[in-house]
Every structure is written in C-alpha cells, then in structure tokens.
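> Below you will find the structure I want to go over with you.
The values are calculated or read from the model by the stated rules, or taken from the named source; none is laboratory data. These numbers were taken from a predicted model, which means no experiment stands behind them. All Cβ positions, even for glycine, are placed from backbone atoms using ideal geometry, and neighbour counts span all protein chains on display.
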C-alpha cells in the first residue's frame, strides 16, 4: 500500500468510526443488529490501529 493509499484508508476509517460511534450511542439498535454493529465497529477500530502503526513506522 502506498503512502497515499494508506492516508486515504486512514481517513476513510476515521470517518466510519466516528459515524459508527454516533450510531452505537443511539439507543435504537438492539439484539442481533446491535451485535453486528458492535462487531463491525471493533473490526474498523482494529484496522485503524494497524494503519496508525504503519503510518508511524513510515514517519507519516
């Protein structure tokens, strides 16, 4: 992944994570829907952290 691609993915994930946090703060989702949303949010956060580490390694 190029530096530009890494930066773009980082920004995309950041946006999705903030939107996901807003969604999860809403009391509407429950049951299976909530479990799926929690799982997706966890996956996005994990990828976000991996990309942050790569960016730090590259001095970005």
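> Suppose we keep only residues that are modelled with pLDDT of 90 or more and loosely packed, with under 12 Cβ neighbours inside 10 Å within segment 1-28. Which one would you say is nearest to the chain's Cα centre (by Cα)?
If we take residues in segment 1-28 being modelled with pLDDT of 90 or more and loosely packed, with under 12 Cβ neighbours inside 10 Å, then 15 is nearest to the chain's Cα centre (by Cα).
> In segment 29-39, how many are in contact (Cβ under 8 Å) with a residue 12 or more places away in the chain and either surrounded by 14 or more Cβ atoms within 10 Å (Cβ to Cβ) or touching a strand residue (DSSP E or B) at 6+ places or on another chain (Cβ under 8 Å) (or both)?
As a first pass, look at segment 29-39 and keep what is in contact (Cβ under 8 Å) with a residue 12 or more places away in the chain: 37-38.
This time we only want the ones that are either surrounded by 14 or more Cβ atoms within 10 Å (Cβ to Cβ) or touching a strand residue (DSSP E or B) at 6+ places or on another chain (Cβ under 8 Å) (or both), so: 37.
The total comes to 1.
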